[in-house]
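The values are calculated or read from the model by the stated rules, or taken from the named source; none is laboratory data. Note that the coordinates shown come from a computational prediction; the quantities given were computed from them, not determined experimentally. We place every Cβ from the backbone using ideal geometry, glycine too, and count neighbours over all the protein chains shown.
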Amino acid sequence: MRSDLDARLLAAHAADDRPALIALYREASEASETMVARRFYLTHAYIYALEAGTTEAPALRAALVEMGAETPD
Amino acid sequence: MPKDQQRDVLDAVRAPIEMARGLPNAHYTDPETIAEENEAVLARGWAALAVGADVPEPSDCKPLEFLGQPLLLLRDKDGTLRVFQNICRHRGMILVDAPRKIEGAIRCPYHSWCYAKDGRLVSTPHVGGPGLNSHPQMDRATLGLIEVRSHIWRDVVFVNLSGDAAPFEDIHADLLTRWKEVDKPVYHGGLESRFTLEVDTNWKLAVENYCESYHLPWVHPGLNSYSRLEDHYHIEEPGKYSGQGTYVYRQLKGDDGQVFPDFEGLSDFWDEGAEYVALYPNVLLGVQRDHAFAIVLEPVAHDKTREHVHLYYAKPDIDAGLLNKNAEQWKEVFAEDVFVVEGMQRGRAAPGFDGGRFSPAMDGPTHLFHAWVAEKVAALRAEKDAL
């Protein structure tokens, strides 16, 4: 992960800034070079979105299903 | 104490009131006796846990402890209230540690398993390895939150921890019938209409005191001017509930003579009648023409009880001044009882106390409660002896 993204993620965790966490983990997923890493970070984005009940949660889940990281409904 | 002597003691409690003795000290002081009693009277029946007003809106949740068990009151997005064990099905981590609104899902703070507001397990991140959120051996459908059997009546949330009690409506059919006329929608008066008394006593002593009118002229002298002892009657339903009624209920009036709106469709009896019932085991209910209350007794320790008092009205959005005046009035009355229930608890350390004698004329409702506890404990012992 890029060091500036890592720093922003740590700052978002420290501030418990959920919208930022969702966005940053999504960004981390998109920036990852391996499928394992892409799934890993997108899972975190999805979990925080699911917890917050945001409108992007279903789309994140669908993306995880597409990646084989999550079972379809 | 040998088993035969234990039975003798419980038989003495269940004897006719003229000869009966009260529950012995051990039921108020001895952890082992109280643990057995808790199973018999609190876990195996329908115990009051909370009120619906504790989680007034969809998605509200509140963690609670009852008999040492971590529980979670949770209202789903459609408003249905359920009670769950407040633990993740993964490693048993406590899920919710403070009352709050669940925005989307409950996320376990440990490994982030997520539960929907109806208890379904909806996400298990990395359970199949990094970035793999399912595993063929992990069937989410079987790993939802563990629901505790519950029932809501008059906004009181009852739970049956053992899961095998007869239905609430069957056990309490008599009171449901008795109070059918006053069983109307009730509206919690809000923040000022709830208060909690922390009392250094066993929860049963609060029931015992509430049941009888005998103490009223001495402990609540303010009642003497308009509500005399002879204006009260006993309410006695062996094995179910007991309490007292009055024929001289007087409505509270505001500075300009305003009163609370009445519950609709009541018969003339309720013009000045009111009833106060201890619904076994641990909730104290009051009904009057214009408001009601529920006191949920939380057994914190053998000598500590939280009395959660909630006042309810026939309509929402009532004048706050009158609501507060009523709450203050009840707070004063209930606070007057604290020294007696605490004094009786301290008295249970006296080895010479043999459970006490009941006035055959005045203590019937209290004796019924003792007899009910003794009956439940005896039944549990007989069941275990038969194993």
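Observations, loosely collected:
- Qualifying residue in region A:28-39 (condition: in contact (Cβ under 8 Å) with a residue 12 or more places away in the chain, at the interface with chain B (Cβ under 8 Å from one of its Cβ atoms) and surrounded by 13 or more Cβ atoms within 10 Å (Cβ to Cβ)): yes
- All of A:Ala52, A:Ala45 fail the test of being more than 7 Å from chain B (Cβ to nearest Cβ), under 22 Å from B:Ile102 (Cα atoms) and aliphatic (A, V, I, L, M), apart from A:Ala45.
- Conditions (1) assigned by TED's automatic domain parsing to the domain that holds B:Val83; (2) in contact (Cβ under 8 Å) with a residue 12 or more places away in the chain; (3) acidic (Asp, Glu); number of the one not met by B:Asp139: (2)
- Restricting region B:116-127 to residues that are within 31 Å of the chain's Cα centre (by Cα) and within 10 Å of chain A (Cβ to nearest Cβ), the residue that is nearest to B:Ser59 (Cα to Cα): B:Lys117
- Among the candidates B:Arg7, B:Arg44, residue that is at pLDDT below 95, under 30 Å from B:Gly347 (Cα atoms) and basic (Lys, Arg): B:Arg7
- Unique residue being within 14 Å of chain A (Cβ to nearest Cβ) and surrounded by fewer than 17 Cβ atoms within 10 Å (Cβ to Cβ) when the list is B:Pro217, B:Pro185, B:Pro130: B:Pro130
- Residue selection: B:Lys376 fails the criterion of being surrounded by fewer than 20 Cβ atoms within 10 Å (Cβ to Cβ) and not aliphatic (A, V, I, L, M).
- Annotation note: of B:Leu145, B:Leu161, B:Leu74, the sole residue that is away from every other protein chain (no Cβ under 14 Å), touching a Cys at 6+ places or on another chain (Cβ under 6 Å), surrounded by 19 or more Cβ atoms within 10 Å (Cβ to Cβ) and at pLDDT 95 or above is B:Leu74.
- B:Tyr249 being surrounded by fewer than 18 Cβ atoms within 10 Å (Cβ to Cβ), free of Cβ contacts under 8 Å to residues at least 60 places away in the same chain, of a type outside the set (Gly, Ala, Ser) and in contact with a Gly (Cβ under 9 Å, 6 or more places away or on another chain): no
- Residue list for region B:193-246, restricted to those being in contact (Cβ under 8 Å) with a residue 24 or more places away in the chain and assigned to a loop (DSSP other than H, G, I, E, B): B:Asp200, B:Thr201, B:Asn202, B:Glu212, B:Ser213, B:Tyr214, B:His215, B:His220, B:Tyr226, B:Pro238, B:Gly239, B:Lys240
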